[in-house]
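Let me begin by presenting the structure, written as structure tokens, before commenting on it.
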Amino acid sequence: MQMPEVFTHATFAQIPDEYGIYAFYLNFEYVLRSAEVKTNLNPTDFDRILAKSNRAHRLSNPKDVQINVYGHSVEFASFYTMQARHLIACGATDSTFTSNQLLQFAQVLDKCTLLTTPLYIGIAEKQFLSSRFAQHKAKYERLKAKVPQPEAASGDKKFARGKQFYHRLVRRKIEFRDLAFACIPLSANEVKFARPVEKLLHAFVNPPLSDKH
């Protein structure tokens, strides 16, 4: 088993010039960073900080409906059927936590980023991982420049289907610096399998911000 290489805001420049499969995660370092700068942190404040996680991982489909886990991967349709009801909610912290305990909680959470569901899974089969990452980032920054205040939306409109990864980040008020980029470099002999592996991973994992949903 090969462990993924993981890059965060401080190391994005080190993403390799190789082909492979990659995924974006919401990096819980943002929770720790927020907790460190806020004095007298209380559970209500902490739940507000965690709300970004809710927005990031909530599926784009309404709850209690059958989720399209296949995208265009019809060859897997006869094997996988899933019903999804999103149960992520704030209010999970102990109301008796002190400000210092909430900070310690954030420190532990920061270590667990890769235990969450990836937000997006993609492949770099005709260009390097570094180039594919740069494309995602550039599209995000261009849209963010056009929409200084993230798209006005309320209720489920914030989680409307359609559009691409960078649209969904802006709509959920998720900063690109708050993402972690995990990748598996592949050799020339391996990369030819990248696309069917990507399809299978989408079926298994159902990443909420991938374009096919």
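Bear in mind these aren't lab numbers, they're just calculated from the coordinates by the rules spelled out. This one's a predicted model, so the numbers in the text were calculated from it and none came from an experiment. Neighbour counts run over all protein chains shown; Cβ positions are idealised from the backbone, glycine included.
What the table shows:
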read-out: 3J(HN,Hα) from dihedral phi, the range 104-119, Karplus parametrisation 6.51/-1.76/1.60, rounded to Hz, x for glycine, proline; value: 5, 4, 5, 5, 5, 4, 4, 7, 10, 3, 7, 8, 8, 6, x, 6
read-out: Members of K111/K199; K38/K163; K52/K192 lying beyond 31 Å, as alpha-carbon distances in this model show; value: K38/K163; K52/K192
read-out: Formal net charge of residues neighbouring L186 (Cβ-Cβ distance under 10 Å; K, R +1; D, E -1); value: -2
